[in-house]
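Heads up: the structure comes next, in structure tokens.
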Amino acid sequence: RRFEPMAIPGFLVAAAVAAWAAAGALRTLRARRLARGWSAAAMLVLPLSTWLAITPDAEYPVSSAVNVTTREMVGARAMLDELCGLAPGRPIVLVGTHELYGSLRVQCDVPVVLALADQSAEDLEAIAAAWGAQPLVLTRSEDAAPWTEAPSVVVDASVLHSAYTLEGLPRSTYHRTYRWLAGVVEDDGGVAPLAAPSAAAGG
């Protein structure tokens, strides 16, 4: 992916040079001109096939990839900002999901531990001891941590995604809801849930 901006134009230029050379091998001038004309047309038309979908049996037979006209992941940056603002500076234990693992590490600029399995008080106590700090637990599952009391949703976000398929271009979008629970690990490994920012402000 890192070299994609160079690789794709490079392949296109290489294909154009190869087509031009192959056309030059033809015997007659007319054949060479026709071959080079078709090659030039193909270099212009074929890249458009990555943007346009032609499906005769669909409701809209001709459509463009939604990414051409729509920004993907709208709402993700705001969600990250909210999560990073819950307990700034604290290390994070992300429990039950790998989503946002790298994003939290970069955006919040704190150490992040990924724990896909539910965590016990002993697990979290050991993590806190290794860091020498009481980390913030982030999860989307109520069963993921030993809460000291029933947790409430602290970040409720909606993010725009493209509806990808195994074959064909993304032709539609959908909103995915992310409801995050959060709490701070206490000395005994229990997790004291945070209140939603609006509720905390109101209290």
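Here are the numbers for this structure:
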read-out: Residues of the range 97-130 that turn out to be assigned to a loop (DSSP other than H, G, I, E, B), under 17 Å from the mean Cα position of the chain (by Cα) and either charged (D, E, K, R) or crowded, with 16+ Cβ neighbours inside 10 Å (or both), as a count; value: 3
read-out: Residues located in the range 61-87, provided they are more than 21 Å from the chain's Cα centre (by Cα) and without any contact (Cβ under 8 Å) to a residue 12 or more places away in the chain; value: Pro61, Val62
read-out: Of residues in the range 46-60 being surrounded by 11 or more Cβ atoms within 10 Å (Cβ to Cβ) and assigned to a helix (DSSP H, G or I), the one nearest to the chain's Cα centre (by Cα); value: Thr50
read-out: Residues (over 20 Å from Leu80 (Cβ atoms), surrounded by 14 or more Cβ atoms within 10 Å (Cβ to Cβ) and among the small types (Gly, Ala, Ser)) located in the range 161-194; value: Gly189, Gly190, Ala192
read-out: Cross-chain or 6+ apart pairs with Cβ under 7 Å, the range 24-41 first and within 22 Å of Val13 (Cβ to Cβ), then assigned to a helix (DSSP H, G or I) and among the aromatic types (Phe, Trp, Tyr); value: Arg36/Trp20; Ser39/Trp20
read-out: Condition check for Trp38: of a type outside the set (S, T, N, Q), within 27 Å of Gly168 (Cβ to Cβ), surrounded by 11 or more Cβ atoms within 10 Å (Cβ to Cβ) and out of contact with any Cys (no Cβ under 7 Å at 6 or more places or on another chain); value: yes
read-out: Residue under evaluation Ser162, criteria (1) under 24 Å from Pro88 (Cβ atoms); (2) in contact with a helix residue (DSSP H, G or I) (Cβ under 6 Å, 6 or more places away or on another chain), criterion not met; value: (1)
read-out: Test: Pro170 is under 30 Å from Tyr60 (Cα atoms) and in contact with a strand residue (DSSP E or B) (Cβ under 6 Å, 6 or more places away or on another chain); value: yes
read-out: Qualifying residue in the range 64-87 (condition: buried (at least 16 other Cβ atoms within 10 Å of the Cβ), among the hydrophobic types (A, V, I, L, M, F, W, C), under 14 Å from Val184 (Cα atoms) and touching a Pro at 6+ places or on another chain (Cβ under 7 Å)); value: no
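Only the coordinates and a few stated rules stand behind these numbers; no lab work does. Fair warning: this is a prediction, and the values are worked out from it, not measured in the lab. Because the Cβ atoms are built from the backbone with ideal geometry, glycine has one as well, and the counts that use them run over all protein chains shown.
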